[in-house]
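Here the structure comes first, spelled out in structure tokens, and everything after it is commentary.
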Amino acid sequence: MLNELTALEIHNKIAAGEITATTAAQDCLSAITRADPHLHAYNAVFADRAMRQAEAVDQAHTAGQPRGLLAGVPIAIKDNLCTTFGATTCSSKMLKNFHSPYDATVVKKLEQAGAVILGKTNLDEFAMGSSTENSAFGPTRNPWNTQCVPGGSSGGSAAATAARLCAASLGSDTGGSIRQPASLCGIVGLKPTYGLVSRYGLVAFASSLDQIGPMTRTVGDAALLLQVIAGHDPWDSTSWPEPVPDYLSDLDKPLENVRIGLPAEFSGEGIEPEVSAAIAKAVDFYHRQGAKVVPVNLPHTKYGIAAYYVIAPAEASSNLARYDGVHYGHRTARPENLFDLYAASRAEGFGPEVQRRIMLGTYALSSGYYDAYYLRALRVRQLIKRDFDQAFEKCDFIACPTSPTVAFELGAKSGDPLQMYLCDVFTVTCNIAGIPGMNIPCGFSQTGLPIGLQILGPTFSEQRMLRLARMYEKHHDWHTRKPVLPQA
Amino acid sequence: MSTTTAAEPQYKVLIGMEIHVQLATQSKMFTGAANGFGGDPNSQVDPVILGLPGVLPVINKRAVEMAMMVGLALNCQIAAQTKWDRKSYYYPDLPKNYQISQYDQPLCGAGSIELPLADGGSKTVRIRRAHLEEDAGKLLHEAGMTESLVDLNRAGTPLLEIVTEPDLTSPEEARLFGEELRRICRYLGVSHGIMQQGHMRFEPNINLHIYHHGKTIKTAITEIKNLNSFRAVERACSYEIQRQLAEYLAHPEVMPSQGKSTRGWDDDKGMTLLQREKEEAHDYRYFPDPDLVPLHIAPRWVEAIRSGVVELPIARRKRYQEVFGMSAKEAFSLTEERAVADLFDRAASLGAPVRRLTNLFLGPAAKMANEAATDQATTVLISDLPVTAEQYARLAQLVETGGISATSAVMVFEHLIKHPEADPAQAAEQLGLMQIRDQNQTEAWVMQALAANPQAISDYKNNPKKKQASLGFLRGAVMKASQGKADPKLVGEILEAKLKA
Amino acid sequence: MADTLNEAQVRHVAQLARLKLSDTDVPRLSRQISSILDYVAQLQEANVEGLEPMAHPLPLHSVLREDEVRPSLTVQQVLANAPGKVGAFFTVPKVLDTGLGGG
Ligand SMILES: [Mg+2]
Ligand SMILES: [Zn+2]
């Protein structure tokens, strides 16, 4: 079945005339029909549109027209990316019927590269969560064990990619929302340097932390997708203006004299022993490949979660103020007055986690508390950034777990928001500092659940980071393992 | 001045102004949607203006430059670095429910202007700051409807908010300040300054320092929201001063000097009314907009903008008085509009005698412009008339050299309006207005006039009280006999010679 | 800095945030947010003296666009998702109290 091929394989096989885009799309759509009822990775599938896109790729191929990097590659995108086709819901009742009149920059780039967009994937409402349980449309399940969560908030993209319901997907990462579900679902997930990928059309959660990135089964696919979506966008003022390097051509070249930093703060307490062991083994692999392993210190990363849960909700409280039932989105029936229209529409449209974060963020910005919370968190942010700057003088990359645990059961943490927030303990500092971070699969637990290695690097080190990840992948076969899916 | 009687207290008025000026850019402050008015409702709205999910703002460079121009004209310090903040409040005309503004790092810092006063003098008004932000849309309340309507065309228009120190001390000064600021903005080309369209909105902040029973009592500041005419500024300030004073006199013991309240102006009733504000109205939760990065302003950029700032009304008025020898009133009229002053300067630079030129501008040209405005809402400026600087220059020259009389000049001017291609001298010729300086011809006209007016001759000769008047009368009769073509100077000489003979 | 949010504060913040809370929401949110604030309180330990607040992850500045007009949406597109509209306008319950908010 062609849905099991990677994006690069599909691209190459179509180029070689071995397969068609139409069959690749068809096989993905069939796989979705069979498995997605059990997983609920997708909020919407655009079968007809995807087939038309695939046919266009095949026709262009026959006509000998130039091919884009993703020609015929079936892709899933997180449902917080605006598209002119289908709804853009953010898995929220608020936007259940919202149809965007414009496409996100990344969506345009995917389509220009010839990608076939299969559908839009489930997420924690407005990307707020670490389990995809906070979806207004029901949770996504982990393909390795449907009793377990896929992680979040890009749980739909992670599950779809791991379950071969697409060749690759896009997610977004504000505090770990690409890397953590990638870890829990056993796939590759890359959060690029802030500013590398345009945020135009990504429904904002926390603007200074959000980045879109690839979620793929292989490092090569991550490089391929990043090549397509990265680059300056004049409609995003926070977009980095420099040209994008070539992520693909030197990918297989091993890195020499690489120094890998092990932060003392990212080990020990709270990490499942199986996770620690798998990470240690991966680090040992690099050591054996000639990497120098050095201890580093990130003394202020212990404040990461605290700073994150001030900055992210503060920005979110403002970013989500626009959902008020006036110009689009859910409106309460028969509001008594304007205030009631606002307050009732928002209370009905937003789920509990979103409301909690709006409350927290509003409080952190409110008169009398701004300095103690928001301003202080921004200063701590500077401290955390400095930690990384200093660490990257001693090492080229940092290795640590992506998630302290493997996938947990649905409902296990939903009663206690703080416990859920602590899932992000190893991932948030990367967003706070704006640096790139990546998950690669590095083992399985006894219970058969994936474990992920996180690699963090200095800003704009994606090219070398991908090579480092590829070194590992070449000598391991985790990425070839397939979850056994329940069939419809 | 403390007495035991209920003496009228003396007081000082303090008025500070907040002014919102819409900048006349092509596109909006943070996106490419057209910045214009008069289109169908919600027709100048793009995803950014609509505040759709996922949209991002990008700063309009021209808006920054226009703001810098005004800042420089107001002698403000231009910030080396500025940033953008979100100001949060919920209102249906504000789609994102926050306004992008500048909170603690305004583009323009402290400055000042020389404000011309009615008595011909001037005073310094300090500017506290000026910052850029985006305008909101409009909420319409149709009579009989149970709902209000929202039009977002105005949303996202670049706004420059200028804040003065409380240096204005009377309603008249407040109005004069508004008028001068409008003039400056029009000179700079950053605003059309059409008040009826809300291009400029004024918010006076008023309080009094009352000196009573040997004490100074400061009344609480009131801000009058959103005035969009100069008349309203003056009237609202006057009303508010009297209201605060009356409030003090009614309850001098409970006069609050703290806090600030907001009042609206009811133009029909001619009074300000307290606006009820929700408790949290001032908790705007300002924070730096994470979608926008700071703006660094290099000194080079400031200098480039400075070099493009035109001569402002105040400087021009001074030059017209000092170089052209105009009266303050003449200089004020001619510099009111930059286009008119530019035309005047062009004509003057072509060698037009300034006195004649001034008379032409303030006489026939002003009259024609006034008559050309068909209704109250339209204004026709002298510079809108189809008379060129060259024509003005030649016409003024013609009067100066005695080619035509001042009276004839008006007729030639009217001819030029109807025949924009015409040359003034040829027109004067065609119209038969060229002065005739022939000695014999002039003598003949004089004789004709004298023959027809024996009574005037008798008055001139015998009645000292009527001497001057009858000379004037006879001079007029000669001009009439010549159909305006005689040279008045020559007529005077011959006439007096004949009468003395 | 208060590390708790009592019920009155919850109601006040909910008003600022335009969220209509039920009577059971209030104590729950008070408890949950207080527990988060209690955790967040550790930020007070960090020595941040002399540090600039970091609002942006990258040293970008002075991003400007030329003053050029780009097409607007059609009025139909503008109103396509509107939950309340009349003619070419959005509608909201009649607003009597004007002049609120900013400017
Ligand atoms: Mg104001
Ligand atoms: Zn303002």
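The values are calculated or read from the model by the stated rules, or taken from the named source; none is laboratory data. Small disclaimer: the values here were computed from a predicted structure and weren't measured. Virtual Cβ from ideal backbone geometry, glycine too; neighbours counted across all protein chains shown.
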Kindly provide the set of residues from segment B:357-378 that are within 14 Å of residue B:337 (Cβ to Cβ) and in a helix (DSSP H, G or I), ordered by number.
-> B:361, B:362, B:365, B:366, B:369, B:370
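Taking the stated definitions as given, is residue B:77 of a type outside the set (A, V, I, L, M), in the same structural domain as residue B:165 (by TED's automatic domain parsing) and within 29 Å of residue B:123 (Cα to Cα)?
Yes; evaluated as a whole, the condition is true for this residue.
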Would you be able to tell me the number of residues in segment A:302-346 that are among the polar types (S, T, N, Q) and part of a helix (DSSP H, G or I)?
-> 4
Could you grab the pairs with beta carbons closer than 6 Å, sequence gap of 6+ or different chains, first residue in segment A:345-357 and of a type in the set (A, V, I, L, M), second one at pLDDT 95 or above?
-> A:347/C:19; A:347/C:20; A:354/A:125; A:354/A:126; A:354/A:128
Checked A:430, A:442 against criteria (of a type outside the set (Lys, Arg), assigned to a helix (DSSP H, G or I) and buried (at least 24 other Cβ atoms within 10 Å of the Cβ)); the one match is A:430
With respect to residue B:397, determine if the residue is at pLDDT 90 or above and surrounded by 20 or more Cβ atoms within 10 Å (Cβ to Cβ).
-> no
For residue B:253, are the conditions met, namely being away from ligand 1 (no atom under 15 Å from the Cβ), outside any strand (DSSP E or B), more than 14 Å from every other protein chain (Cβ to nearest Cβ) and in contact (Cβ under 8 Å) with a residue 24 or more places away in the chain?
-> no
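Quick check on this structure: which one of A:56, A:41, A:47 is surrounded by 24 or more Cβ atoms within 10 Å (Cβ to Cβ) and away from chain B (no Cβ under 14 Å)?
A:41
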Segment B:7-30 residues that are within 14 Å of chain C (Cβ to nearest Cβ) and more than 30 Å from residue C:66 (Cα to Cα), paired with ones that are within 15 Å of ligand 2 (Cβ to nearest atom) and in a loop (DSSP other than H, G, I, E, B) (beta carbon under 7 Å, 6 or more apart) | none
With the condition kept exactly as written, say whether any residue in segment C:33-42 is without any contact (Cβ under 8 Å) to a residue 12 or more places away in the chain and either touching a strand residue (DSSP E or B) at 6+ places or on another chain (Cβ under 8 Å) or more than 8 Å from chain A (Cβ to nearest Cβ) (or both).
-> no
Checked B:70, B:21 against criteria (within 16 Å of ligand 2 (Cβ to nearest atom), in a strand (DSSP E or B) and either within 20 Å of residue B:194 (Cα to Cα) or β-branched (Val, Ile, Thr) (or both)); the one match is B:21
Inspect segment B:171-192 for any residue being away from ligand 1 (no atom under 16 Å from the Cβ) and either part of a strand (DSSP E or B) or more than 15 Å from the chain's Cα centre (by Cα) (or both) and give the result as yes or no.
-> yes
Filtering segment B:123-163 for residues that are more than 14 Å from ligand 2 (Cβ to nearest atom), in contact (Cβ under 8 Å) with a residue 12 or more places away in the chain and under 30 Å from residue B:206 (Cβ atoms) leaves a count of 9
Using the structure shown, decide if residue B:42 is at pLDDT 95 or above, over 26 Å from residue B:130 (Cβ atoms) and more than 16 Å from ligand 2 (Cβ to nearest atom).
-> yes
Note on residue B:201: of the conditions (1) in a loop (DSSP other than H, G, I, E, B); (2) buried (at least 19 other Cβ atoms within 10 Å of the Cβ), unmet is (1)
Filter result for residue C:73 (facing another protein chain (nearest Cβ under 7 Å), more than 16 Å from ligand 2 (Cβ to nearest atom), in a loop (DSSP other than H, G, I, E, B) and of a type outside the set (Phe, Trp, Tyr)) | yes
Could you run through segment B:321-344 and say how many residues are in a loop (DSSP other than H, G, I, E, B) and more than 16 Å from the chain's Cα centre (by Cα)?
-> 5
The number of residues in segment B:213-225 that are away from ligand 1 (no atom under 16 Å from the Cβ), assigned to a strand (DSSP E or B) and out of contact with any helix residue (DSSP H, G or I) (no Cβ under 7 Å at 6 or more places or on another chain) is 3
Going through (1) over 24 Å from residue B:420 (Cα atoms); (2) buried (at least 16 other Cβ atoms within 10 Å of the Cβ) one by one, residue B:322 fails only at (2)
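Only residues that are out of contact with any Ser or Thr (no Cβ under 8 Å at 6 or more places or on another chain) and within 7 Å of chain A (Cβ to nearest Cβ): list them for segment C:52-70, please.
Let us first name the residues in segment C:52-70 that are out of contact with any Ser or Thr (no Cβ under 8 Å at 6 or more places or on another chain), namely C:52-54, C:59, C:61-62, C:64-66.
Across segment C:52-70, the qualifying residues are C:52, C:53, C:54, C:65.
Please state which one of B:170, B:191, B:238, B:261 is assigned by TED's automatic domain parsing to the domain that holds residue B:15, within 26 Å of residue B:133 (Cα to Cα), at pLDDT 95 or above and hydroxyl-bearing (Ser, Thr, Tyr).
On inspection, the qualifying residue turns out to be B:191.
So which residues in segment B:6-18 are under 27 Å from residue B:213 (Cα atoms) and either within 14 Å of ligand 2 (Cβ to nearest atom) or surrounded by 17 or more Cβ atoms within 10 Å (Cβ to Cβ) (or both)?
Those that are under 27 Å from residue B:213 (Cα atoms) and either within 14 Å of ligand 2 (Cβ to nearest atom) or surrounded by 17 or more Cβ atoms within 10 Å (Cβ to Cβ) (or both): B:9, B:11, B:13, B:14, B:15, B:16.
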Which residues, counting only those in segment B:453-475, are small (Gly, Ala, Ser) and surrounded by 13 or more Cβ atoms within 10 Å (Cβ to Cβ)?
-> B:456, B:469, B:470
Does residue B:64 qualify as being in a helix (DSSP H, G or I) and within 16 Å of ligand 2 (Cβ to nearest atom)?
-> no
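Quick grid of which residues meet (1) within 9 Å of another protein chain (Cβ to nearest Cβ); (2) within 19 Å of residue A:205 (Cβ to Cβ); (3) modelled with pLDDT under 95:
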{"site": "A:328", "(1), (2), (3)": "yes, yes, no"}
{"site": "A:333", "(1), (2), (3)": "no, no, no"}
{"site": "A:344", "(1), (2), (3)": "yes, no, no"}
{"site": "A:351", "(1), (2), (3)": "no, yes, no"}
{"site": "A:354", "(1), (2), (3)": "no, yes, no"}
{"site": "A:361", "(1), (2), (3)": "yes, yes, no"}
{"site": "A:376", "(1), (2), (3)": "yes, no, no"}
{"site": "A:387", "(1), (2), (3)": "no, no, no"}
{"site": "A:396", "(1), (2), (3)": "no, no, no"}
Check on residue C:49, more than 16 Å from ligand 2 (Cβ to nearest atom), modelled with pLDDT of 95 or more and more than 7 Å from every other protein chain (Cβ to nearest Cβ) = no
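Mind telling me which of the residues B:113, B:162 ends up being within 16 Å of ligand 1 (Cβ to nearest atom) and surrounded by 18 or more Cβ atoms within 10 Å (Cβ to Cβ)?
Testing whether each residue is within 16 Å of ligand 1 (Cβ to nearest atom) and surrounded by 18 or more Cβ atoms within 10 Å (Cβ to Cβ) leaves just B:162.
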Residue check: is residue A:221 closer than 26 Å to residue A:317 by Cα and not small (Gly, Ala, Ser)?
-> no
Quick check, is residue A:111 assigned to a helix (DSSP H, G or I) and more than 14 Å from chain B (Cβ to nearest Cβ)?
-> yes
